[in-house]
1. List the residue pairs whose Cβ atoms are under 9 Å apart, where the first residue sits in the stretch 94-108 and is touching a residue at least 40 places away in the same chain (Cβ under 8 Å) and under 15 Å from PHE65 (Cβ atoms), the second is aromatic (Phe, Trp, Tyr) and surrounded by fewer than 21 Cβ atoms within 10 Å (Cβ to Cβ), and the two are 6 or more positions apart or on different chains.
2. Yes or no: ILE84 surrounded by 14 or more Cβ atoms within 10 Å (Cβ to Cβ), among the aliphatic types (A, V, I, L, M), touching a residue at least 40 places away in the same chain (Cβ under 8 Å) and closer than 13 Å to GLU20 by Cα?
3. Every residue in the stretch 135-144 that is surrounded by 19 or more Cβ atoms within 10 Å (Cβ to Cβ) and closer than 15 Å to LEU89 by Cα, please.
4. In this structure, is ASN47 at pLDDT 90 or above and out of contact with any strand residue (DSSP E or B) (no Cβ under 9 Å at 6 or more places or on another chain)?
5. Only helices (runs of 4 or more DSSP H) wholly contained in the stretch 79-139 count here; list those with 2 or more residues that are touching a Cys at 6+ places or on another chain (Cβ under 7 Å) and at pLDDT 90 or above.
6. Kindly list, by first and then second residue, each pair from a residue in the stretch 157-168 that is assigned to a helix (DSSP H, G or I) to a residue that is at pLDDT below 70, limited to pairs with Cβ atoms under 7 Å and residues at least 6 apart or on different chains.
7. Restricting the stretch 145-198 to residues that are of a type in the set (D, E, K, R) and surrounded by 13 or more Cβ atoms within 10 Å (Cβ to Cβ), which is modelled with the lowest pLDDT?
Amino acid sequence: NNNDNNFILNEKLIINKYYEEILINKIKILFNQPYRGSKIKKDFRNNIYDIQLWKTDHPASVYAFYWLTYMVDVNYINDCFSQIVPIILTLIDDYEIPYKLLGVKLMKYCIINHTDPVQIRSTGLANVFLEALRLCLSFHSNPDLMDEALPCIISLIKLMINYNEPQNSPEFFSLIEKVVTEDIVKGLSLAIGKSTAV
């Protein structure tokens with residue numbers, strides 16, 4: 001139908017025009033806490049129960065960000081790289097599996113599929129992304145999260161290695177071996193007696 005096509009086209013044009021403004025002024029400000037990663041905080045009050053405005057007051061912001069990011073023209077993803085990254089890392093770092101899963105999906109879509117690999121390597125964020133994704137492979141993760149995270153990790157490692165055929169480089173095998181031995185095998189050994197997915 002012509003009306004439907006016009007509506008979709010107009011919707012996309014509006015999203016393209018206002019994506020960065022919505023991202024900066026409406027969504028990113030709700031995600032103002034820094035990525036914690038696996039580091040232990042000195043202040044015991046900074047834990048998983050901190051006030052997170054995006055969860056407590058604006059839970060739809062996550063889904064709005066997800067939808068807008070998938071709808072916007074991919075060029076805007078590269079342009080808004082520094083605005084998108086903290087949100088994705090916050091989602092992956094969250095203690096609730098559904099948010100982690102959304103974070104991994106956004107990491108794959110935004111960072112791995114639609115960001116210039118040179119930008120990933122030059123910012124020094126590749127290792128931060130890898131650390132965040134590796135935490136998703138822990139023994140308490142659910143199968144859906146692990147299924148989404150592992151291919152994402154492999155793709156990220158390929159992007160990290162500046163080599164014509166990254167899967168044939170010693171660095172690629174070294175990083176994959178580290179993920180398998182330190183995350184997957186170790187996680188399985190810690191999961192003995194618990195339900196696991198292989």
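The values are calculated or read from the model by the stated rules, or taken from the named source; none is laboratory data. Remember, it's a predicted structure, so these values are computed and weren't measured experimentally. Because the Cβ atoms are built from the backbone with ideal geometry, glycine has one as well, and the counts that use them run over all protein chains shown.
1. LEU102/TYR63; LEU102/TYR66; LYS105/TYR66; LEU106/TYR66; LEU106/TYR70
2. The answer is yes for ILE84.
3. CYS136
4. Judged against the criteria, ASN47 is not a match.
5. By residue number, 81-93, 97-106.
6. Matching pairs, first to second residue: LYS158/PRO166; LYS158/GLN167.
7. LYS186
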